[in-house]
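Scroll down for the structure; my scribbles are underneath it.
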Amino acid sequence: MKPRLRCLLGTDQLTVTEIDALLTLARRMDPNRPPQLLRGKRVVLLFYEPSTRTRTSFEFAAKALGAATTLITATSSSIEKGESLIDTGWTVTSLGADAIVMRHPNSGAPYLLSRYIPVPVINAGDGLHQHPSQALLDALTITNHKKRLKGLRVVIVGDVFHSRVARSNAILLSKFGAEVIFCGPPDLVPDVSATIAPGVVACHDLDAALQGADVVMSLRIQKERLAGKQISLEDYIAKFQVTPQRMKLARPSAIVMHPGPIVRGLELANEVADGPQSCMHEQVANGVKTRMAILATVLKAAR
Ligand code: NCD
């Protein structure tokens, strides 16, 4: 038998059954009437990178379930004094942490830590690699609208190359038989990016990608990442901004998603970001329920 989920590191490690179980539990979680499943537990939020949504929702999720939380950031802790990741992990564990939620700019950092310390590690985003809780909350949002993932046409548009959200989502969605289309200029969507999971294709023409789309997931564009690239900001907006006109190419029932933070007027037109097809606020709210389910699951397995 497969061991129970002890750490949540990436969507690649999850089976379809484990994902279904996490989503079912997340649907049952009510942040206003939470079960006190984690009373007496201590959850450490170890954030080496800025975060608003992910950090706050993990904190609210842990507190809703009755756990105590503490936040450690790179700039106001011994990390600034040069303490290594593993030493920080051991310190936090010796202080009595029952789980560590961790964000780090280097791909693989939570995997490394999980090999050294005895408490569960939850990856809240590592470099360009994985952001599994975001992919799970996105799957919850999609299934709330579409009831299933199989056969859906999901267009992920923007800076796919630098996006752990794109990678985690594509791997999760393809496990369920969704068709995933990565879309953007070749500099930001190299053709090899489509090799990360079966059922993923790369496309450099947004109008073609949007034909018949069920889900349009837009990703943040960092202006500085376009520096030195073949495409200018103006060209990007002209070719790849998700606009009301372009949304007419997708199915009328299509939903628009974005992990946030959005850069207004760049990756999405305001009418789309604030329009009736946008699920962005719902994604954020689902983040709390999903992270409640994740914490409850890994801490139960750690018992
Ligand atoms: C994303 C991240 O940090 O990976 N944001 C998030 O967690 N909601 C995406 C981004 O920063 O563009």
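Observations on the model:
- Residues that are within 13 Å of the ligand (Cβ to nearest atom) and under 27 Å from Pro34 (Cα atoms) were ranked within the range 259-280; the one that is surrounded by the most Cβ atoms within 10 Å (Cβ to Cβ) is Pro259.
- None of Ala208, Ala273, Ala194, Ala238 is modelled with pLDDT of 95 or more and closer than 28 Å to Leu140 by Cβ except Ala273.
- Qualifying position, being in a strand (DSSP E or B) and either over 18 Å from the mean Cα position of the chain (by Cα) or within 16 Å of the ligand (Cβ to nearest atom) (or both), among Phe161, Phe182: Phe182
- Residue that is nearest to the ligand (Cβ to nearest atom) [pool: residues in the range 206-238 that are of a type in the set (Lys, Arg) and in a loop (DSSP other than H, G, I, E, B)]: Arg220
- Inside the range 162-178, residues that are surrounded by 19 or more Cβ atoms within 10 Å (Cβ to Cβ) and over 17 Å from Val16 (Cβ atoms) make up a count of 5.
- Boolean, Ala21 is surrounded by fewer than 16 Cβ atoms within 10 Å (Cβ to Cβ) and in contact with a helix residue (DSSP H, G or I) (Cβ under 8 Å, 6 or more places away or on another chain): yes
- Qualifying residue in the range 254-268 (condition: at negative phi, β-branched (Val, Ile, Thr), in a helix (DSSP H, G or I) and not assigned by TED's automatic domain parsing to the domain that holds Leu25): no
- With respect to the conditions (1) touching a Pro at 6+ places or on another chain (Cβ under 6 Å); (2) more than 15 Å from the ligand (Cβ to nearest atom); (3) not charged (D, E, K, R), Val201 falls short on a single one, namely (1).
- Screening the range 13-96 for helices (runs of 4 or more DSSP H) wholly inside it with 3 or more residues that are closer than 25 Å to Ala285 by Cβ and more than 16 Å from the ligand (Cβ to nearest atom) returns the ranges 16-28, 53-64.
The values are calculated or read from the model by the stated rules, or taken from the named source; none is laboratory data. None of the values given here were measured: they were computed from a predicted structure. Cβ atoms come from the backbone with ideal geometry, glycine included; neighbour counts cover every protein chain shown.
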